[in-house]
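Participant: Quick one: structure below, then a few questions.
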Amino acid sequence: MPKKTSNAGTQGSSKIRNQQSATRNPLVAVIMGSKSDWETMRHADETLTEFGVTHECHVMSAHRTPQLASEFSRAAASRGIEVIIAAAGGAAHLAGVMAAHTILPVLGVPMKSDALNGMDSLLATVQMPAGIPVGTLAIGKPGAINAALFAVAILANSRPELRAKLEEFRRRQEQKVRAATLP
Ligand code: RP5
């Protein structure tokens, strides 16, 4: 579970796992609709940490805390945030609401829901009307990891040291697959 709590300059309760990175100019905000999403979204948190990308993690909901969600999104760019990752399950409107209030790139991660295995989350996240884009990733853990890697790739466009880390990541990944042996 997220370890620290802070309101990060907005109203209401938010979860921040890494207080230090949260206060040190976060470049990425990882938002999730419920604390129950953390088990999946911790993979985005871990991936960003692996790349040394300053970020913060919050719980807020398009439906349960609509004012907090819109205020957070409206303030994000002025706080220096460059990418928002938003995860939600079921009627998953969080990424869309985030995108409605900012021109920052918003990446949506559909959570695997109990009722429909995440198909509801996927369709609710991906089917945005033309004009308000959400870059939607895969359902669940692969989506959480790839959202973080996508955020790193966006940031890497203007940060050569991040680009080098991404290239090294791909090299190591390829080597691992090439070296794989079967029982
Ligand atoms: C969504 O509803 C959340 O993102 C979560 O995936 C789902 C269930 O939330 P809880 O009932 O577990 O809080 O808003």
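Any read-out appearing in this document is the output of simple, stated calculations on the displayed coordinates, not a laboratory observation. Here the structure is a predicted model, which is why all the values come from computation and not from measurement. Using ideal geometry, Cβ is built from the backbone for each residue, glycine included, and neighbour counts are taken over all protein chains shown.
Participant: In square nanometres, what is one fourth of the surface area of the convex hull spanned by the alpha carbons of the chain? Please report the intermediate quantities before stating the final value.
Facilitator: Numbers: hull surface 45.9 nm².
Reported value for the Cα convex hull: 11.5 nm².
Participant: Additional query: Describe numerically, in nm with one decimal, the distance between label points set 7 Å from Cα along Cα→Cβ at Val126 and at Ser158.
Facilitator: For Val126 paired with Ser158, the spin-label model returns 3.1 nm.
Participant: Please list 89-98, 145-154 highest first by mean number of surrounding beta-carbon atoms within 10 Å per residue. All intermediate terms of the calculation are to be shown ahead of the outcome.
Facilitator: Numbers: 89-98: 24.4, 145-154: 21.8.
For the peptides 89-98, 145-154, the packing ranking is 89-98, 145-154.
Participant: Using the structure shown, list the pairs from Lys35/Lys112; Lys35/Lys141; Lys112/Lys165 with a Cα-Cα distance above 20 Å, or answer none.
Facilitator: Numbers: Lys35/Lys112 14 Å; Lys35/Lys141 15 Å; Lys112/Lys165 30 Å.
Violating the 20 Å Cα-Cα cut-off are Lys112/Lys165.
Participant: Follow-up. For Gln173 and Thr49, calculate 0.36 nm times their separation in residues minus their Cα-Cα distance, and state this gained length in nm to one decimal. Show your work: numbers first, answer last.
Facilitator: Numbers: separation 124, 0.36 × 124 = 44.64 nm, distance 1.75 nm.
Between Gln173 and Thr49, full extension yields 42.9 nm more.
Participant: Another one. Computed over the Cα atoms, what is the radius of gyration of region 43-138 divided by 2.2 N^0.38 Å, N being its residue count? Numbers along the way, then the final one.
Facilitator: Numbers: Rg = 13.0 Å, N = 96, 2.2 N^0.38 = 12.5 Å.
The value comes to 1.04.
Participant: Length gain on complete extension for the stretch Arg64 to Ala115, per 0.36 nm per residue less the alpha carbon to alpha carbon distance? Walk me through the numbers before you get to the answer.
Facilitator: Numbers: separation 51, 0.36 × 51 = 18.36 nm, distance 1.96 nm.
The Arg64-Ala115 span can extend by a further 16.4 nm.
Participant: Could I ask something else about it? For a quick size check, give me the Cα extents of region 108-169 along its three principal axes, largest first, whole Å.
Facilitator: Largest to smallest, the principal-axis extents are 42, 28, 9 Å.
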